[in-house]
Amino acid sequence: MIRIENVTYRYKRGKDILNKINLSIQDKETVVIMGKNGSGKSTLGKLISGILKPKEGKILLDDLDMADKKNKEEIRKKIGIVFQNPENQIIFNNVQDEVTFALKNLSSEEIKKRVESSLHQVNMADKIKDDLYELSLGQKQRIVISEVLAKQPKVIVFDEPTTMIDSKGKEDIYHIVENLKKEGYTIIYITNLAEEMLLADRIILLNNGEIVEEIRKEEILDKLDIFQQYDIKVPLVLEIVQKLRQEGIEMNLTNYSIDELVTKLRGIIKS
């Protein structure tokens with residue numbers, strides 16, 4: 001469990017970018033953090049992952065204070081982060097070398113097992129001997145995710161991981177995140193992209209460095225006006241379902257996917 005208690009953060013000689021943030025994230029929960037540029041969402045992600053330290057307040061991961069130096073190694077084992085640009089996280093030219101790099105003080109057998117398993121989780125097992133310069137940006141991002149997974153964390157922070165990737169690459173990342181949810185990882189997913197809110201169990205809206213709303217996935221349809229209030233675009237499928245509702249047609253969706261919507265509509269037509 002992650003507990004964020006009265007956290008404030010400001011950059012040197014700057015105003016507060018985050019102001020008295022209070023938030024709890026449960027084990028195995030997927031939380032999507034959204035907000036306009038400058039709202040503080042990426043800063044919050046860096047605080048949660050331990051890259052930044054709060055100026056005020058504290059962040060606890062499984063009751064470990066992330067600002068306490070004696071907890072540093074234990075925290076690093078428990079949490080990993082994936083940034084926007086995979087090329088900023090990649091060090092080596094070869095896939096196997098890159099994924100292996102983070103694995104220290106382990107037997108060669110355990111390293112081999114973790115590398116193969118983590119590459120399999122991102123559908124890149126067949127690229128283990130490849131050079132990274134031969135891969136697309138989306139494939140490189142999957143290698144970065146594999147590198148994080150090889151360390152076997154319980155929490156993964158995704159900081160706008162699909163911003164620089166084409167539509168096919170985005171779909172690949174979405175499938176990976178969905179699978180990681182099923183496997184029981186705790187996921188914090190930072191984004192500005194409408195369709196990515198549907199990955200969430202819970203959505204946190206930030207505005208001017210403060211949490212202004214928490215919305216559970218099952219509440220999204222009833223709170224579309226809140227997203228509009230903060231200039232956050234909603235997925236097309238939600239707009240369609242809202243218009244159907246206005247016409248008296250109720251769509252009780254679980255995943256809010258186009259495929260699920262089409263299946264429901266077919267059922268109505270046949271009946």
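The values are calculated or read from the model by the stated rules, or taken from the named source; none is laboratory data. Just so you know, these numbers come straight off a predicted model, no measurement behind them. A quick note on method: Cβ atoms are made from the backbone with ideal geometry, for glycine too, and the neighbour counts reach across all protein chains shown. Calculation scope for accessible area: heavy atoms of the full protein, side chains included, ligands and nucleic acids excluded. Shrake-Rupley method; radii C 1.70, N 1.55, O 1.52, S 1.80 Å.
When each of T8, T43 is tested for being free of Cβ contacts under 8 Å to residues at least 40 places away in the same chain, β-branched (V, I, T) and either more than 18 Å from V148 (Cβ to Cβ) or touching a Lys or Arg at 6+ places or on another chain (Cβ under 8 Å) (or both), the lone residue that passes is T43.
Among the residues making up region 43-90, those that are over 21 Å from the mean Cα position of the chain (by Cα) and of a type in the set (G, A, S) are G57, A67.
Mind counting the residues in region 11-27 that are without any contact (Cβ under 8 Å) to a residue 40 or more places away in the chain and under 19 Å from the mean Cα position of the chain (by Cα)? Walk me through how you get there before you give the answer.
Within region 11-27, the subset without any contact (Cβ under 8 Å) to a residue 40 or more places away in the chain is 11-15, 24.
Filter once more, keeping what is under 19 Å from the mean Cα position of the chain (by Cα): 24.
Looking only at that region, the number is 1.
Taken over region 155-182, the criterion of being assigned to a helix (DSSP H, G or I), in contact (Cβ under 8 Å) with a residue 60 or more places away in the chain and open to solvent by 10 Å² or more (accessible area, probe 1.4 Å) is satisfied by K181 alone. Within region 186-198, the set of residues being open to solvent by 10 Å² or more (accessible area, probe 1.4 Å) and out of contact with any Pro (no Cβ under 8 Å at 6 or more places or on another chain) comprises N192, L193. Total residues in region 119-132 satisfying the condition of being of a type in the set (K, R) and exposed (fewer than 13 other Cβ atoms within 10 Å of the Cβ): the figure is 1.
Here L135 clears all of (1) of a type outside the set (V, I, T); (2) at pLDDT below 95; (3) open to solvent by less than 40 Å² (accessible area, probe 1.4 Å); (4) more than 14 Å from the chain's Cα centre (by Cα) except the condition numbered (2). I220 satisfies every condition listed in (1) touching a residue at least 60 places away in the same chain (Cβ under 8 Å); (2) of a type in the set (A, V, I, L, M); (3) buried (at least 20 other Cβ atoms within 10 Å of the Cβ) except (1).
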